[in-house]
Amino acid sequence: MSKKIIIALLALLPIKLSAQANWTLKSCIEYGLKNNRTNTVYANEKRAADARAKEALAAYLPSVSLNGTVDDNLKVQETVIPAGIFSPTDIRVAFTKKYNTNGVAQLDQTLYDKALLTGLKANKFNAQQADLNQQKNDETIIYNISTAYYQILVYREQLDLLKANLDTYRKQMEVSALQVKKGVTLQKDLDKITVDYNNATSQIRVAESNQTLAENQLKYEMGYPIADPLQVENTANAATIDIPVMADKSDFSVNNRTDFRLSQVNAKLLEIDESRIKAGIFPKLTAYARYGAIGFGDNLGPAFSSMTSYSAVGLKLNFPLFDFFKRNAQYNQAKYKRLNALETLKLDEGRYQLEYENARTKMLKEQTNVENNRRNIELARSVFNTTDLQYQKGVTNLIDWLNAQNSLKEAQNNYLNSLYSFYLAKVDLEKAGGTLKTFYSAL
């Protein structure tokens, strides 16, 4: 029995270790691309596009219909044979009986319908639209996961800095408490340090709460169970922030933007719709084959038993003559929609170029800020260490010590703000350049 328990525990061990492994940004995105619930939505949209294509094609395939009727003529209609043909007086006669039965099967095959043929061209673009929507959803998942992931890294960095500050205050409180006890320091000096210590403690609680919220947001974007733990790999610290090489301006192409290609497909669909409406002026030719049976009787039974069959084949030509005004109005609507779509494409091209240039400029600024603020932290820490040493030797006072510590905290806050802005600008630049998938692949 104990042997079985050991084997079971060994079997579960890899699973447990895997669950506790640190998650990199790439592994989070990979998980999200597979498990985010929006994937199902866009996969269903793609299936719906395939179904619409089959529906459009089915209109050019043979169709068979079956119809049957049973009439109970409660009062049989009569007609009149005028006098002088068969009788000197009018003769009233019925050309049917109380019960009539009729069953018919008909096959119809469209031979020529220019509007329908034109509409079939939209199938390819509908499929492209569904694929692009799915790709855009993937890019949205990559963007949302990246921003949530970087938010966690910044909060973690903030917690490390706050805990280091808290430890500094705690040590100074211990020293000041001894000095108060010996009578060489006033109680108010100890109280000042205690206030800063308590403030740092509150800031840690807030940062821990913010980190939990950011972790929950990351789990949501990934499609990961909210209640399950998710350990993010610690890759952000003041010494190892990755500063990427900026892409050249010439690397940008508006065709990299999925939303731009979606607009192009939409313009094509509007063009096809315009042509389809215009083609409505052409005649429609349909072939048909019909087979049926008809029966009459004074009672219901004979109306079925005495049925006689009939059949026919033929052509139907439908030529619209008097719908010009309606069709012309529909055509004009489709034409102006297409023209607006083309103008929107031109506007989008300029807008996306502007977004990229702005994102690139912001990235350059944030890159400079994070480098400067990183150096400023080291400078502020050096000033504080010197002031702390002077304070311990009695060369300076507590006010200078607190000012130096506050300057260090301010430098830390500036660094953290610039760090998150840098990460956000980094992802925004990839989004503006239409290279989020390339960014994910290169992680």
message: So residue 185 ticks every box in (1) within 36 Å of the chain's Cα centre (by Cα); (2) modelled with pLDDT under 90; (3) more than 17 Å from residue 427 (Cβ to Cβ) but one. Which box is left unticked?
response: (1)
Residue under evaluation residue 106, criteria (1) over 25 Å from residue 59 (Cβ atoms); (2) in the same structural domain as residue 292 (by TED's automatic domain parsing), criterion not met: (1)
task: Filter the stretch 353-364 for residues that are surrounded by 14 or more Cβ atoms within 10 Å (Cβ to Cβ) and either charged (D, E, K, R) or closer than 30 Å to residue 275 by Cα (or both) and give the result.
output: 355, 360, 362
task: Pick out the one residue from 143, 149 that is in contact with a Cys (Cβ under 9 Å, 6 or more places away or on another chain) and modelled with pLDDT of 90 or more.
output: 149
- request: State which residue is modelled with the lowest pLDDT when the search covers only the stretch 221-241 and only residues that are in a loop (DSSP other than H, G, I, E, B) and touching a strand residue (DSSP E or B) at 6+ places or on another chain (Cβ under 7 Å).
  value: 233
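When the residues of the stretch 311-338 are narrowed to those that are closer than 26 Å to residue 287 by Cβ and surrounded by 12 or more Cβ atoms within 10 Å (Cβ to Cβ), which ends up farthest from the chain's Cα centre (by Cα)?
Per the stated criteria, the residue is 316.
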query: Could you count how many residues in the stretch 392-408 are of a type outside the set (A, V, I, L, M, F, W, C) and crowded, with 19+ Cβ neighbours inside 10 Å?
result: 1
- prompt: Are any of the residues in the stretch 397-405 in the same structural domain as residue 165 (by TED's automatic domain parsing), charged (D, E, K, R), within 42 Å of the chain's Cα centre (by Cα) and at pLDDT below 95?
  reply: no
- request: Kindly provide the set of residues from the stretch 151-208 that are surrounded by 15 or more Cβ atoms within 10 Å (Cβ to Cβ) and not in a helix (DSSP H, G or I), ordered by number.
  value: 185
statement: Residue hits (the stretch 275-296; more than 17 Å from residue 66 (Cβ to Cβ) and among the β-branched types (Val, Ile, Thr)) are 277, 281, 286
task: Select from the stretch 378-391 the residues that are under 15 Å from residue 165 (Cα atoms), surrounded by fewer than 20 Cβ atoms within 10 Å (Cβ to Cβ) and not β-branched (Val, Ile, Thr) and write down the one among them that is farthest from the chain's Cα centre (by Cα).
output: 388
message: out of contact with any Leu (no Cβ under 8 Å at 6 or more places or on another chain), assigned to a helix (DSSP H, G or I), in the same structural domain as residue 435 (by TED's automatic domain parsing) and modelled with pLDDT of 85 or more: which single residue out of 263, 250, 275 fits that description?
response: 275
query: Any residue in the stretch 422-434 that is surrounded by 15 or more Cβ atoms within 10 Å (Cβ to Cβ), more than 38 Å from the chain's Cα centre (by Cα) and not in a helix (DSSP H, G or I)?
result: no
- prompt: Got at least one residue in the stretch 194-210 being touching a residue at least 24 places away in the same chain (Cβ under 8 Å), assigned by TED's automatic domain parsing to the domain that holds residue 401, of a type in the set (Gly, Ala, Ser) and farther than 27 Å from residue 28 by Cβ?
  reply: yes
Pairs, first in the same structural domain as residue 126 (by TED's automatic domain parsing) and under 20 Å from residue 122 (Cβ atoms) in the stretch 39-54, second part of a helix (DSSP H, G or I) and acidic (Asp, Glu), C-beta under 8 Å, six or more apart: 46/131
- request: Test residue 387 against the stated conditions and say whether it is within 30 Å of residue 136 (Cβ to Cβ), assigned to a helix (DSSP H, G or I) and free of Cβ contacts under 8 Å to residues at least 24 places away in the same chain.
  value: no
message: Any residue at all in the stretch 58-77 that's exposed (fewer than 12 other Cβ atoms within 10 Å of the Cβ), without any contact (Cβ under 8 Å) to a residue 60 or more places away in the chain and part of a helix (DSSP H, G or I)?
response: yes
query: Can you tell me which residue in the stretch 278-297 is modelled with the lowest pLDDT, limited to those that are crowded, with 16+ Cβ neighbours inside 10 Å, over 12 Å from residue 113 (Cβ atoms) and among the small types (Gly, Ala, Ser)?
result: 297
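The values are calculated or read from the model by the stated rules, or taken from the named source; none is laboratory data. From a predicted model like this one, the values you see are computed outputs, not experimental measurements. For neighbour counting, all protein chains shown are included, and Cβ atoms are generated from backbone atoms with ideal geometry for every residue, glycine included.
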